[in-house]
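What follows draws every value from the coordinates through simple rules; no lab data is involved. All values derive from a computational prediction rather than experimental measurement. In this analysis, Cβ positions are derived from the backbone assuming ideal geometry, glycine residues included, and neighbour counts consider all displayed protein chains.
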Amino acid sequence: MDLLKNKIVTEGRVEGEDIIKVDSFLNHQVDVELLNEIGKEFKRRFEKEEINKILTIEASGIAIACLAAQHFNVPVVFAKKTQSKNLDKDVYETEVFSFTKGIHYKVKVSKKYLNSDDKVLVLDDFLANGRAALGLKDIVDQSGANLVGIGIVIEKSFQDGCNLLAEKGIRVESLAKINGVEDGKVIFK
């Protein structure tokens, strides 16, 4: 997706060899027009699939999932990272590792919102080591729903996430694949 790649090159920032900061348009400040185009592209890539729910993880995935959901005409369910008084007690729960934060945390989804009748598309901003995606797959599996595929805005192909998901037979559609970083610049696959 050229629009996304151009945005990464012009507005993204590289820190070290493995951190690509896109907080000016994707996961802190949000470029709604770009996210709308991202949603259209996910719809195009998954148009032959029957999907009735989009699942993501809070917080960065929510905006992406919501704009995409408009094109699929389905609801968004998001896994919550923190316990709150208004979260149902009957939940699916799994543990994920955050590459960015370097910590393990539990995510939860109310059992009211996923069940064996659902055909789920998982959407997220980044795919690095695949742990968040596998955590969401675990929640889908616990619910008995069918995981149709995983849509990723930016894949770090130089990390093991995509291979890990492919080994499990999961369809992954990434809009921008980054092979690595050279001299502070992103190298696309």
(request) Treat each spin label as a single point 7 Å out from the Cα along the C-beta direction, and report the Asn6 to Asn115 distance in nm. (result) 4.6
(message) Please compute the modelled spin-label separation between Glu47 and Lys89, points set 7 Å along Cα→Cβ, answer in nm with one decimal.
(response) 4.8
(request) Please work out how much length the chain gains when fully extended from Asp183 to Lys40, using 0.36 nm per residue of separation minus the C-alpha to C-alpha distance, in nm with one decimal. (result) 48.2 nm
(request) Identify which of Gln159, Gln29, Gln142 has the largest mean-square fluctuation in a Gaussian network model of the chain, with springs joining Cα atoms closer than 10 Å. (result) Gln29
(request) Would you mind checking the pairs Lys7/Lys108; Lys21/Lys48; Lys5/Lys137; Lys53/Lys111 and listing those with alpha carbons more than 22 angstrom apart? (result) Lys7/Lys108; Lys21/Lys48; Lys5/Lys137
(request) In nm, give the distance between the simple-model label positions of Ile62 and Glu33, each being 7 Å from the Cα along the Cα-to-Cβ direction. (result) 2.5
(request) Among His71, His104, rank each residue by its count of other Cβ atoms within 10 Å, from fewest to most, as a rough exposure measure. (result) His104, His71
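So how do Tyr113, Tyr105 line up by other beta-carbon neighbours within 10 Å, fewest first? Before the final figure, lay out each step's value.
On the way: Tyr113 17, Tyr105 13.
Ranked by crowding around the Cβ, least crowded first: Tyr105, Tyr113.
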(message) Roughly how far apart, in whole Å, are the Cα centres of the stretch 121-145 and the stretch 21-82?
(response) 14
(request) Express as a percent, rounded to the nearest 5, the fraction of DSSP beta bridges in the stretch 54-124 (both residues included) that run antiparallel. (result) 60
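Let me have the 222 nm mean residue ellipticity of the chain computed from DSSP H runs of 4+ only, each contributing -39500 (n - 2.57), with the sum over all residues rounded to the nearest 500.
Numbers: 5 runs with 57 residues, N = 189.
My calculation for the chain gives -9000 deg cm²/dmol from helical runs alone.
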